[in-house]
Amino acid sequence: MTVEQYFRPTKAIIDLGAIRQNVQQLKVHLNEGVKIIAVVKANAYGHGDVAVAQAALEAGATMLAVATADEALHMRKHFPHVEILVLGATPAYFAPYAANERIRLTVFSTDWVQQAAPYLEDTTATLNIHVKIDSGMGRIGVRTEEELKALEAAIIAQPRMQIEGVFTHFATADESQEELFQQQVSIFSQLKSSLQEKPKYVHASNTAAALIKDATLQFDAVRYGISLYGLTPSSYVASIEPFPLHPALSLETELVHVKQLQAGDSVGYGATFVAQEPCWVGTLPIGYADGMIRKLAGQDVLIDGQRMPIIGRICMDQCMVLLSKPYAVGEKVQLIGKQGNEHITLDEWAARVETINYEIPCIFTSRIPRVYR
Ligand SMILES: *Cc1c(COP(=O)(O)O)cnc(C)c1O
């Protein structure tokens, strides 16, 4: 990978060794022969898709999954020989591009098959299809045996299409409550066995199911997303996960300005922070346009191995932190990650903004350089 130069101290550091470890440990945990599909949609959950995919493949993943046609084409440019699957719906006019680029598509409607067929007439390539069953997620997929059989027949009737996979997605694999999960398992098993022929790849498990559910649900492959990045799908999974995960992302910056305030001086838009006594304040070059959303006001950062809070409102490009003493400009600031004995996790950010860990790195914008170690 080319080493890019950035003129900005704010960086997301991605530990590719952690990504590799997270895949290697999963591989040991899985049944013999189960393939690992590395889910690198949304720029690898904000971690940088090309570098993450490379690391995951090195560690034993054999297929990449993305959400959209454009993400698949982008991956294909970098990985000419790897199997790539689009998990979401794609427009029928993408079919010839997918066939020529050997991109596997998720299909769940006979209408789509009829619409895509004319686009494939001028190609000699075959479109590989993974049929999606909606066993209870309520998102995309066929819901009944009749629909599934009709779809299978429609695909078989097309000379340029073949079924390579059948899959489903669980809505509650990361929860202790098993009722819907078991219902999904039985619907999936019933529907998939109504196919005339078992496809090459039957897959159902996301991270949570691969880590904590019955090993028979691993089928031919598992779709490994969040834990690839060293994050756990939920606190329930964290409480019983079979091996320790290694978070790959840390976020750091530096103090760009340090000043002393007197009692009565204020900080930021709306002057919401007012010094009650003389204090030291540092400015950080990161703001909501980087994905450090305003709801993170009050969040601690690490300086010199100690927690110090963000004060006032977070601006578009900057925010301010209350210092325990006058640190020098250029002092390293850890926003996510370890410093000394302290650790600020991505989960801590997620809890503060009342969301899940998945969402936090996804909203880091392209203005934050991703630097790989
Ligand atoms: C995103 C996604 C995954 C990965 O889920 P994780 O919980 O991150 O492992 C798997 N399958 C489908 C269909 C997805 O959309």
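The values are calculated or read from the model by the stated rules, or taken from the named source; none is laboratory data. Given the structure is predicted, the values throughout are model-derived calculations rather than measurements. Cβ sites come from the backbone with ideal geometry, for glycine too, and all protein chains shown count toward neighbours.
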task = Would you be able to say whether some residue in region 156-171 is surrounded by fewer than 21 Cβ atoms within 10 Å (Cβ to Cβ) and within 14 Å of the ligand (Cβ to nearest atom)?
result = yes
Test for E152: is it more than 16 Å from the ligand (Cβ to nearest atom) and either outside the structural domain of G48 (by TED's automatic domain parsing) or assigned to a helix (DSSP H, G or I) (or both) = yes
request  = Scan region 148-166 residue by residue and report those that are in contact with a Phe, Trp or Tyr (Cβ under 9 Å, 6 or more places away or on another chain) and either in contact (Cβ under 8 Å) with a residue 60 or more places away in the chain or over 20 Å from L127 (Cβ atoms) (or both).
outcome  = E164, G165
key: L255 being in contact (Cβ under 8 Å) with a residue 12 or more places away in the chain and touching a Cys at 6+ places or on another chain (Cβ under 7 Å)   = no
task = Examine region 125-140 for a residue that is surrounded by fewer than 17 Cβ atoms within 10 Å (Cβ to Cβ) and more than 26 Å from the chain's Cα centre (by Cα), and state whether such a residue exists.
result = yes
ask   = What residue, among those in region 216-246 that are of a type in the set (A, V, I, L, M) and closer than 20 Å to A53 by Cβ, is surrounded by the fewest Cβ atoms within 10 Å (Cβ to Cβ)?
value = L245
remark   = Note: among R313, R294, R352, just one is basic (K, R), surrounded by 17 or more Cβ atoms within 10 Å (Cβ to Cβ) and outside the structural domain of H47 (by TED's automatic domain parsing), namely R313
Enumeration of residues in region 253-285 that are within 15 Å of Y327 (Cβ to Cβ), more than 35 Å from the chain's Cα centre (by Cα) and not hydrophobic (A, V, I, L, M, F, W, C) = K259, Q260
task = Search region 203-230 for residues being assigned to a loop (DSSP other than H, G, I, E, B) and within 15 Å of Q25 (Cα to Cα), and hand back the single one that is farthest from the ligand (Cβ to nearest atom).
result = G230
remark   = With the first residue restricted to region 275-297 and required to be without any contact (Cβ under 8 Å) to a residue 40 or more places away in the chain, and the second required to be in a loop (DSSP other than H, G, I, E, B) and basic (K, R), Cβ contacts under 8 Å at 6 or more apart or on different chains are R294/R313; A297/R313
